[in-house]
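Chemist: The structure follows.
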Amino acid sequence: MGCEGLVDPAVLFIYGLVLTLVLFIDRDALSLALIGVPNAIVGFALGWRKYKVLIALFLIGFAGLAINALLLTNVGPAVLVVGPLIVRAGAVNTFITIGLRITGIAGVAFLFVSLVDPALTIRSLERELRLPKGVCFALAYALRLVDLMSKDLREVQGVRVLRGYRSVPITPTDIKSVLTPLLSVGYERALWVGIAAELRGFRLRKVSKEPLRIGWKEAIVLTLLALQILIALAGMLGYLWLVVPYTFH
Amino acid sequence: MKRYTVVDWAILGLVAVVTGVIFTFTWNVYYIGKALGGPVVARALSYGLWFIGAPLAASLIRKPASAFLGETLGALVETFLPNAGGFTNLIYGICQGIASEAAYAIFGYRKWGVLQGLLAGAFAGPVAVALDAILFQSLATPPVMLAWTAASVISGAIYGAIVSAIGRTVRGGSEK
């Protein structure tokens, strides 16, 4: 889905980065729930059609989170007894807090990748957020290379199969034998692309700087971001527990 | 400070795409590990592969800040590719890139060999563990943290050395 007509990619980038940072440091279960759950619902709903396997894998990972919580933080009063297994408050708290945090982060991630076109985002980062043009050139070139490198990788894998080796690299030696030809081809290509860009006057190219585009959609996104930062602050300072007393604690 | 040419930026783009794709692939390793043994096992298995951007870029470009840029741009490309990590990739990439850069800075940016690559991978390990301690705070008990740090340093050192050797082969020439 392209982003023309949708929210400015630079604004979505700021939203994603700041909200992830907030979710990263927030330790309060209630504020994590208030921020993480709505973002996860929207992100998973937007990304479901294209990324359902990834979302399913992410959800399967919760089994591992439960195992870790039981193994490492199963302390405090018993909450649930299932046969020989006693689930204690510590494990439940850990599962809920970390589960909400990673759900929120994943939700924001799927929301971002579902709504933006990477190429337009890079242009936006360069013009509106003043990212250096060299960095943007490298990013744009990297994204342009994804298909080309995938083709190269398939050829390397094909040759490995012909030689009787496994196509998917597993051991460090496999990784070395796949990466070396892949990088050799890519290095030669990058060298000539760089020379060609230099000859075409890349260094002299002026970047047309633009102010951050703030329409009504962007204003809504930034307001939602500010609101979620306030919720996180309130949660971290302990105020939310006064407003909503029936919580996970 | 040595100036970056367009060729350097193009090579950084190459490193970013290779590492970005490997980083994204590593999420599969992470998910399998997480489903079988939770975040602790998952991180220990997949750590080293997430640190290769810095030593690879540094061994190919051999200029100050190349390690930092290699790790950060790889992480930025990974952020643009669909995965559950999203922007945490960028946060990790920046922090790990700074740590890896130190491995070249302590040699005065005069050596770009396998030893420096090994150190660059190893230096990123504790940083990743520290960030994990924030992300998975309740799971990080001291013995787990210690095992986790050791695993990440060893994993990072192995992959750092491997990609530095690859970088040297691809670029050719001496370590200097």
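Throughout, read-outs are computed from the coordinates displayed, never taken from laboratory work. Bear in mind the structure is a predicted one, so any value in this text is a computation, not a measurement. A quick note on method: Cβ atoms are made from the backbone with ideal geometry, for glycine too, and the neighbour counts reach across all protein chains shown.
Chemist: For the protein assembly as shown, what does the alpha-carbon gyration tensor say about shape, rounded, prolate or oblate, given a ≥ b ≥ c as the root eigenvalues, a/c under 1.5 as rounded, and a/b over b/c as prolate?
Modeler: Oblate, because a/c is 1.5 or more while a/b does not exceed b/c.
Chemist: For q values of 0.16, 0.20 Å⁻¹, compute log₁₀ I(q)/I(0) with the Debye formula on a Cα-only model of the stretch B:20-114, without solvent.
Modeler: Relative scattering, expressed as log10 I(q)/I(0), comes to -0.64, -0.89.
Chemist: Output ³J(HN,Hα) for the stretch A:86-95: one whole-Hz value per residue in order, computed from phi by the Karplus curve 6.51 cos²θ - 1.76 cosθ + 1.60 with θ = phi - 60°, and x for Gly and Pro.
Modeler: In residue order, the calculated couplings are 10, 8, 9, 4, x, 5, 5, 4, 4, 4 Hz.
Chemist: Additional query: Please list the helices of chain B that count as membrane-span-like by this rule: a mean Kyte-Doolittle hydropathy of at least 1.6 together with Cα atoms stretching 18 Å or more along the helix axis, each helix being a complete DSSP H run.
Modeler: Length and hydropathy pass: B:114-135.
Chemist: Any chance you could run the full-extension gain for A:Ser167 through A:Ala119? It's 0.36 nm times the residue separation minus the Cα-Cα distance, nm to one decimal. Before the final figure, lay out the partial values.
Modeler: On the way: separation 48, 0.36 × 48 = 17.28 nm, distance 3.10 nm.
That works out to 14.2 nm of additional length.
Chemist: If you don't mind, there's one more thing I want to ask. What are the ³J(HN,Hα) couplings of the stretch A:18-35, residue after residue, when phi is run through the Karplus curve with 6.51, -1.76, 1.60 and θ = phi - 60°? Round to Hz, x for glycine and proline.
Modeler: Each residue's phi maps through the Karplus curve to give 5, 5, 5, 4, 4, 5, 5, 9, 5, 10, 9, 4, 5, 5, 4, 5, 5, 8 Hz.
Chemist: Still on this structure, please answer the following. Quick one: how many lysine pairs does chain B have with C-alpha atoms less than 20 Å apart and a gap of 8 or more or different chains? Give me the count, please.
Modeler: Value for chain B: 6.
Chemist: Hey, another quick one. Along the positive direction of the dipole of chain A (beta-carbon charges: Lys, Arg +1; Asp, Glu -1; about the Cα centre), which of A:Ala29, A:Val156, A:Pro9 reaches farthest?
Modeler: After comparing all options, I get A:Val156.
Chemist: Also, I was wondering about something else. Please go through the stretch A:155-202 and write out the trypsin sites (Lys or Arg not before Pro) that DSSP classes as loop and that have at most 12 other C-beta atoms within 10 Å.
Modeler: Those that pass, being in a loop and sparsely packed, are A:Arg163, A:Arg166, A:Arg200.
Chemist: If you don't mind, there's one more thing I want to ask. Write down, largest first, the equivalent ellipsoid semi-axes of the stretch A:71-181 in whole Å, where each equals the square root of 5 times an eigenvalue of the alpha-carbon gyration tensor.
Modeler: Taking √(5λ) for each Cα gyration eigenvalue gives 42, 29, 11 Å.
Chemist: Moving to a separate point now. Using label points projected 7 Å from each Cα along Cα→Cβ, tell me how many nm separate B:Val29 and B:Ala147, to one decimal.
Modeler: Placing both labels 7 Å beyond Cα along the Cβ direction yields 1.9 nm.
Chemist: Can you list which of the trypsin sites (Lys or Arg not before Pro) found in the stretch B:1-106 are DSSP loop residues with at most 10 other C-beta atoms within 10 Å?
Modeler: B:Arg3
Chemist: A follow-up question, please. Report the semi-axes of the equivalent ellipsoid for the stretch A:104-150 in whole Å, largest first, where each axis is √(5λ) for an eigenvalue λ of the Cα gyration tensor.
Modeler: The three semi-axes for the stretch A:104-150 are 20, 17, 8 Å.
Chemist: Once the piece of chain linking A:Lys151 and A:Leu191 is laid out straight, how much longer is it, given 0.36 nm per residue of separation minus the C-alpha distance between them? Working shown, then result.
Modeler: Numbers: separation 40, 0.36 × 40 = 14.40 nm, distance 1.92 nm.
Answer, rounded to one decimal: 12.5 nm.
Chemist: Tell me, what is the Rg over Rh of chain A, with Rh the Kirkwood radius over Cα pairs? Provide the component values of the computation, followed by the final result.
Modeler: Working: Rg = 23.4 Å, Rh = 21.9 Å.
Reported Rg/Rh (Cα atoms, Kirkwood Rh): 1.07.
Chemist: On to the next question. Mind checking the dipole of the protein assembly as shown: about its Cα centre, +1 per Lys or Arg Cβ, -1 per Asp or Glu Cβ, Debye to the nearest 20?
Modeler: Numbers: 36 positive and 21 negative charges, 216 e Å.
In debye, rounded to 20, the protein assembly as shown gives about 1040.
Chemist: Just to be sure I understand the model, the point goes 7 Å from the Cα along the line to the Cβ. What's the resulting B:Ile106 to A:Arg27 distance in nm?
Modeler: It works out to 3.0 nm between the two label points.
Chemist: Would you mind calculating the relative contact order of the stretch A:67-115 from Cα pairs under 8 angstrom and at least 6 residues apart, reporting the percent as a whole number?
Modeler: Here the relative contact order equals 29 percent.
Chemist: Among the lysines, which have Cα under 23 Å from the Cα of A:Lys209 when same-chain residues fewer than 8 positions away are ignored?
Modeler: Cα-Cα hits under 23 Å: A:Lys133, A:Lys217.
Chemist: May I pose another question? Pull out the extension gain between A:Thr180 and A:Val207, defined as 0.36 nm times the separation in residues minus the alpha carbon to alpha carbon distance; nm, one decimal.
Modeler: 6.2 nm is the gain from fully extending A:Thr180 to A:Val207.
Chemist: Next question, about the same structure. Across the stretch A:167-180, in residue order, what do the Karplus-derived ³J(HN,Hα) couplings come to in whole Hz, using 6.51 cos²θ - 1.76 cosθ + 1.60 with θ = phi - 60° and x for Gly and Pro?
Modeler: 7, 8, x, 10, 7, x, 5, 4, 4, 5, 6, 8, 5, 4
Chemist: Placing +1 at every Lys and Arg Cβ and -1 at every Asp and Glu Cβ, with all other atoms neutral, what dipole size does chain A have around its Cα centre, in debye to the nearest 20?
Modeler: Dipole about the Cα centre, nearest 20: 620 debye.
Chemist: Can you pull out the trypsin sites (Lys or Arg not before Pro) in the stretch A:57-135 whose DSSP state is coil and whose Cβ has at most 12 other Cβ atoms within 10 Å? Mind showing how you got there, number by number?
Modeler: On the way: sites: A:Arg88, A:Arg101, A:Arg123, A:Arg127, A:Arg130, A:Lys133; in loops: A:Arg130.
Qualifying residues, ordered by number: A:Arg130.
Chemist: Let me ask something else. With each label point set 7 Å from Cα along the Cα-Cβ vector, what nm distance links A:Ile214 and A:Val37?
Modeler: Taking the simple label geometry, A:Ile214 and A:Val37 are separated by 3.1 nm.
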